[in-house]
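Everything on this sheet refers to the single structure shown next.
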Amino acid sequence: MVLGVGSFAHSIGGALKDAGATVSTYLTRNYGHFPPTLVGPTFLPGVHPSPVPLLREGGVEAVIPQSIDWALQPWAEELLHSGVGVFSPTGEGMRIERERDFAQQLCARFRVPFPRSFVAANRLEAEQVLARHPRPFVIKNPLCSPTSPVHTILCETLADTRAWLRNVNYAEGVFLQEYLGRAEAGHIALVSGGEIYSLVTNQEYKYAFNGNLGIVAGAPLGGLVERDETDKYGLARELLHPLLPWFREVGFHGPVQVTAIKVPSPSPGQWHVIEYNIRIGVTSGPMILRMLKNPTEVVLATTRNERLSPVFNDGLNFGCSLTLAGYGYPFTQVRGPQLPLEVDGEFDCDVWWNEVARGADGQLLATGQRVADVIALGPTLEEAIAKAYANIRKLRVVGSYYRTDVGQSLWPPGNV
């Protein structure tokens, strides 16, 4: 059972269904309800206040959460004691994503490079930090959540930082993380049975517009993954494996993604953690499951904290994800009408619907600002990118757009 909505539930459910699983979705947000109906039954919280009885009735073996907020729900403890596996670390292991300052402390404990960072409770404290350390900072919420009052604000100058500190919501305080540049990349692995299993190195295109311009959007506009069980770029070796004693100490089992910035000095450059996530991701997750020959087996074994044997499909070495953004995105306060979604031709890769519904006449409608994720895999990066673009051009919604430059920057990892 997927806990989620939209393209996440559609894609994860679709990939696992194609691999032989029986899939359902417990809808956790108030939008994107139609897409997961295409792969299995869906359940509304208003009708089913807890998913746990549904898990028992359906003989569900594992749940896959879209976000870490499932752990704050009134049914979370019941789920943990139900015997159903959760494809996520639990308890103490969740703190590595949930609490940004905890991640910083963990890195200090195991000598993993992390940008200089500070927690401030209010504007006065934040401006005092800036006075003591006059440099640009990335402004984040101290507690990671999709409902956080502050989403990532990337300031590249001291003046940018000073201006934003006058305008952010301090309801939960702010986390100020030193800005280290744009040479960002990520690595996604599974931790299970006390071991780390590398899967892919990835790149997310987080800026709203071509050329990495505009604001950092709420979710990426595109992404790349490269099959990388050997950790060819060193991200896992430098930033995940030093934490193995802690993973074992807290019984961590589930996905882990590290996102990092490569700092030029000392030569040839050193990765610095900017955050850890405990999900396989909206953009990368569907590509990873398609790359594996045995995704259902791997997911189930991870929820049981067993040793893993991931097997990759030959020839699926790279993936490219493109998002069709709807009217007004990424400025979420701008809302457009429901608009007709036109499809011109057959798809020859995965297209996962997000804020999409079917109208009374049977035609598809775009109902929000993220319309679809188009995902293609191939033996080479060039082939995966070309296929993704050939398919996204078959979609049209008035006022929509997509980035046309994915892969032209930020790759290979460590480059700008």
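The values are calculated or read from the model by the stated rules, or taken from the named source; none is laboratory data. For clarity, every value in this text was computed on a predicted model and none was experimentally measured. Backbone-built Cβ (ideal geometry, glycine too); neighbour counts: all protein chains shown.
Given the condition buried (at least 18 other Cβ atoms within 10 Å of the Cβ), over 22 Å from Val351 (Cβ atoms) and touching a helix residue (DSSP H, G or I) at 6+ places or on another chain (Cβ under 7 Å), answer yes or no: does some residue in segment 202-221 qualify? Within segment 202-221 (the criterion being buried (at least 18 other Cβ atoms within 10 Å of the Cβ), over 22 Å from Val351 (Cβ atoms) and touching a helix residue (DSSP H, G or I) at 6+ places or on another chain (Cβ under 7 Å)), the answer is no, since none of the residues qualifies.
You will find that of Ile139, Ile96, the residue that is crowded, with 19+ Cβ neighbours inside 10 Å, free of Cβ contacts under 8 Å to residues at least 40 places away in the same chain, outside the structural domain of Asn30 (by TED's automatic domain parsing) and of a type in the set (A, V, I, L, M, F, W, C) is Ile139 and no other.
For Gly281, the requirement of being touching a strand residue (DSSP E or B) at 6+ places or on another chain (Cβ under 9 Å), surrounded by 22 or more Cβ atoms within 10 Å (Cβ to Cβ), touching a residue at least 24 places away in the same chain (Cβ under 8 Å) and not in a strand (DSSP E or B) is met.
So for segment 359-368 (the condition being in contact (Cβ under 8 Å) with a residue 40 or more places away in the chain and assigned to a strand (DSSP E or B)), does at least one residue qualify? Yes, segment 359-368 has at least one match. From the set of residues in segment 148-161 that are without any contact (Cβ under 8 Å) to a residue 40 or more places away in the chain and crowded, with 17+ Cβ neighbours inside 10 Å, which is farthest from Ala217 (Cα to Cα)? Out of the qualifying residues, it is Thr161.
Any residue in segment 246-254 that is crowded, with 23+ Cβ neighbours inside 10 Å and under 23 Å from Leu410 (Cβ atoms)? Taking every residue of segment 246-254 in turn, none turns out to be crowded, with 23+ Cβ neighbours inside 10 Å and under 23 Å from Leu410 (Cβ atoms). If the condition is being of a type in the set (A, V, I, L, M) and assigned to a strand (DSSP E or B), then segment 369-388 contributes Val371, Ala372, Val374, Ile375, Ala376, Leu377.
Restricting Pro36, Pro49, Pro45 to residues that are outside any loop (DSSP other than H, G, I, E, B), modelled with pLDDT of 95 or more and of a type outside the set (Val, Ile, Thr) narrows the list to Pro36. All conditions but one from (1) assigned to a helix (DSSP H, G or I); (2) under 21 Å from Gly91 (Cβ atoms) apply to Ala163; the one that does not is (2). In this structure, Glu229 does not qualify as part of a strand (DSSP E or B) and in contact (Cβ under 8 Å) with a residue 60 or more places away in the chain.
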